[in-house]
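Below is one structure; the comments refer to it alone.
The values are calculated or read from the model by the stated rules, or taken from the named source; none is laboratory data. None of the values given here were measured: they were computed from a predicted structure. Cβ sites come from the backbone with ideal geometry, for glycine too, and all protein chains shown count toward neighbours. Ligands, DNA and RNA are excluded from the accessible area calculation, which covers all protein heavy atoms including side chains. Shrake-Rupley method; radii C 1.70, N 1.55, O 1.52, S 1.80 Å.
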Amino acid sequence: MAGRAIVVVLGKQGAGKGTQCDRLSENLGIPHVSTGDILRAAVRERTPLGLEVESVLAAGNLVSDDLVNRLVEERFVQTDALRGALLDGFPRTPGQAEALDTFLGEDGIKVVIDLEVSSELVIERLSSRRVCQECGAIYKDTDVAAISGTCERCGGDVIQRPDDFPDAIARRLDTYERDTAPLKEFYERRGLVVTVDGSRSPDEVTADLVEVLKSRDLT
Ligand code: AMP
């Protein structure tokens, strides 16, 4: 792999970005950087940042560009990110995309993957999604861990995210269409976007993504 491998993963909430970035992170040996995970960890640990953003996250709104840009800039200088990163949930607005160009230089992004799924499918996926509050493991509402409320991986509490309730899901999808979907065009103009059908099984999607990354000399 030549240079720093920055991969941006776009896609609606529930498109499978988190699952796929976890898998690709192992494959590529670069970290999965999810601004949602960083913010949720701050909320869980009740840090000053967490207290500031808790209600914004619960309502399904976006936190400010300044705040998120600062978090990402801090994350980029950590040693594990020097070889690259899989960006999940960032950038999410034109202001964040500009900030990313400033951090990396305009040719810093190697590829932008757009995981495409219909709104109907993400509503179905998000409504039945349960997550471990401790390690972030993802379950379906019908899984034993979700029913018992105990994570099989770490023993943490398995809950429904406050932003996975119907009102918040609707708000997040509106925000995605308004603020984030236009980024696809922004990156298409630079020839960076590869669209992948995210409605298939996780294994099928991973297989396609690995091919895309190979074709860009990233594996
Ligand atoms: P996610 O897990 O990516 O869906 O993010 C969960 C929540 O964290 C979002 O609904 C926002 O409230 C907040 N968030 C995550 N990433 C960003 C971002 N790049 N810009 C603004 N808010 C964000």
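Structure data summary
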item: Zone of D141's modelled label, taken as backbone nitrogen in region 177-204 under 11 Å from a point 7 Å along Cα→Cβ; result: none
item: Net charge contributed by nearby residues that have their C-beta within less than 15 Å of S55 (K/R +1, D/E -1); result: +2
item: Between region 160-219 and region 92-147, the Cα center-to-center distance that results, in Å; result: 7
item: Summed residue charge, Cβ within 12 Å of A5's Cβ, Lys/Arg positive, Asp/Glu negative; result: +3
item: Over region 120-162: Rg over Rh, Cα atoms, Kirkwood Rh; result: 0.98
item: Helix 94-104 axis, angle to the chain major axis (alpha carbon atoms, nearest 10°); result: 60
item: Pairs of lysines in the chain (C-alpha under 17 Å apart; 8 or more residues apart or interchain); result: 5
item: Magnitude of the charge dipole, region 5-215, Cβ model with Lys/Arg +1 and Asp/Glu -1, debye to 20; result: 180
item: Distance between modelled label sites at S148 and E185, nm, 7 Å Cα→Cβ extension; result: 5.0
item: Solvent exposure of the chain as accessible area per residue, Å², 1.4 Å probe; result: 49
item: Alpha-carbon Debye profile of the chain, log10 I(q)/I(0) at 0.08, 0.18 Å⁻¹; result: -0.27, -1.54
item: Nearest-0.05 FRET efficiency for E73 and A207, computed from C-beta distance (R0 35 Å); result: 0.55
item: Contour minus Cα-Cα distance for S128 and T47 (0.36 nm per residue); result: 26.3 nm
item: Carbon and sulfur %, accessible surface of the chain computed with the full protein complex present, 1.4 Å; result: 49
item: Theoretical gain in end-to-end length, R216 to E26 [0.36 nm per residue, Cα-Cα removed]; result: 66.7 nm
item: Neighbourhood charge, 13 Å Cβ-Cβ cut-off, centred on R171 and excluding it, Lys, Arg +1 and Asp, Glu -1; result: -3
item: Normalised contact order of region 5-215, rounded percent, pairs of Cα under 8 Å and 6 or more residues apart; result: 29
item: Reduced Cα scattering model of region 157-209, Debye log10 I(q)/I(0), q = 0.13, 0.26, 0.28 Å⁻¹; result: -0.55, -0.95, -0.95
item: Computed over region 16-72, Kirkwood Rh from alpha-carbon pairs, angstrom; result: 12.4
item: Cβ crowding within 10 Å averaged over residues, with 41-52, 110-121 ranked highest first; result: 110-121, 41-52
